[in-house]
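Heads up, the thing below is written out as structure tokens.
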Amino acid sequence: MKKFLFGALVLGLMSACNTDSLTNQNEIPQDQEPAIAGALKRSCPSEELRAQMLQKNPSLRLKAEEIEARTQNFVNDLKVGKVLADGTVEIPVVFNVIYNTSAQNVSDARIAEQIAVLNADYGATNSDINKIPSAFQPVAAGDVKIRFKLVATNRKQNSKTGWKSNLEEMKKASTGGIDATDVNKNMNIWVVNSILDENGQAGTLGYAYYPENAGQWYDGLVIGYQYIGKTGASAPFNLGRTVTHEVGHYLNLPHLWGSSDAGCQTDYSNDTPVSPGPNYGNPTYPLNRVCGGVSRSQMFMNYMDYVDDKSMVMFSANQKTRMQAVVAASGPRSGLR
Ligand SMILES: [Zn+2]
């Protein structure tokens, strides 16, 4: 309504002007709209209402700015091709290799193998995908539409023989590690010679942080050098699936038995059967286990179980949806482009 009145005022003023003074069409003010006698002009107060709301409520203003920033990110991403035409999101990956011996300084070739494994597993082009039992094929994710691109590999020698996960010293140059490369734009993977628990015990293959840690200096994955890629990696974890599993956590997937060791908890994916806890080694299908008195065939061949590398071959459709939500323009890891 305000705009309508302003327009009417301008038109009124224009009609009083000497038309000879308008020597250039470009000098005509934008508000000079053709007058249509007797016609009802369209009027929409959305902008005025928005301006009033934003003025009254600063938190709304912040939200509006964030939405605009994300929208611009998305537009720019489309321009540079990081979100492909079919909606596939390509995540830039930075490897930070901290080694003591030269054997621990994993080669560029092995890192390339690892990226290839990620792209096959998240694209459902892994050569062992035929191991999905027919009963689970209807709920298989297929192409998760997330891909990975190596953008940098940083290397540093350090004489430490192990790194405690609770200290995160591998993630800061000041404590002998390597600082992350822009965690908002890259998935950082630190490779170390040995991951220790807080008591100094070895045995952890890798770990990752969930999306609520997006933007934190420690965000990303930590993986033992023995489990990167395939060539020279340690059996039975020598097909690169430790990283596939940890990226699942990074993209908001819990273990199949839920976030608690107690098991039989939800993993927020209804198409993965409820599970009392991890499966190890190379189970034979079908494998039934009980939660709440109900026996269910277990999806032990899912990447979010604990089986050997050669026995994990799939994500479920619900897991794909969860990961898509994380990398979507409105998601917590939308900046990874
Ligand atoms: Zn895990």
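Here the peptides 224-236, 60-72 are ranked by packing, the mean other Cβ count within 10 Å, and the order with the highest first is 224-236, 60-72. Would you mind checking the tilt of helix 317-327 against the longest principal axis of the Cα atoms of the chain, expressed as 0 to 90 degrees and rounded to 10? Here the helix axis deviates by roughly 60 degrees. Would you mind getting me the FRET efficiency between GLN55 and LYS131? Use the beta-carbon distance for r and R0 = 51 Å, nearest 0.05. Taking R0 as 51 Å, the efficiency between GLN55 and LYS131 is 0.30.
Secondary structure note: in the chain, about 30% of the DSSP beta bridges are antiparallel. Taking a straight Cα-Cα cut-off under 19 Å and skipping sequence neighbours fewer than 8 places away in the same chain, the lysines within cross-link reach of LYS131 are LYS310, LYS320.
The alpha-carbon of LYS164 sits under 19 angstrom from the alpha-carbons of these aspartates and glutamates, leaving out residues fewer than 8 places away in its chain: ASP179, ASP197, GLU198, ASP219, GLU246.
Using 0.36 nm per residue and subtracting the Cα-Cα separation, the extra length available between LEU150 and GLU198 on full extension is 14.2 nm.
With both labels modelled 7 Å from their Cα along Cα-to-Cβ, the ARG42 to SER297 distance reads 5.6 nm. Within a straight-line Cα-Cα reach of under 22 Å, LYS160 can be paired with the following lysines, leaving aside sequence neighbours fewer than 8 residues apart in one chain: LYS171, LYS172.
Working from label points 7 Å from Cα in the Cα-to-Cβ sense, the SER159 to SER260 distance is 4.7 nm. Close amide H partners of ASN154, meaning residues 5 or more places away or on another chain with modelled amide H under 5 Å apart, are PHE95, ASN96, VAL97.
Averaging Cα coordinates gives a centre for region 104-145 and one for region 194-224; these two points are 22 Å apart.
Read-outs throughout are calculated quantities, based only on the coordinates presented, and are distinct from any laboratory measurement. In this text the structure is predicted, and so the values were computed from the model without any measurement. Glycine gets a Cβ as well: all are built from the backbone with ideal geometry, and neighbour counts include every protein chain shown.
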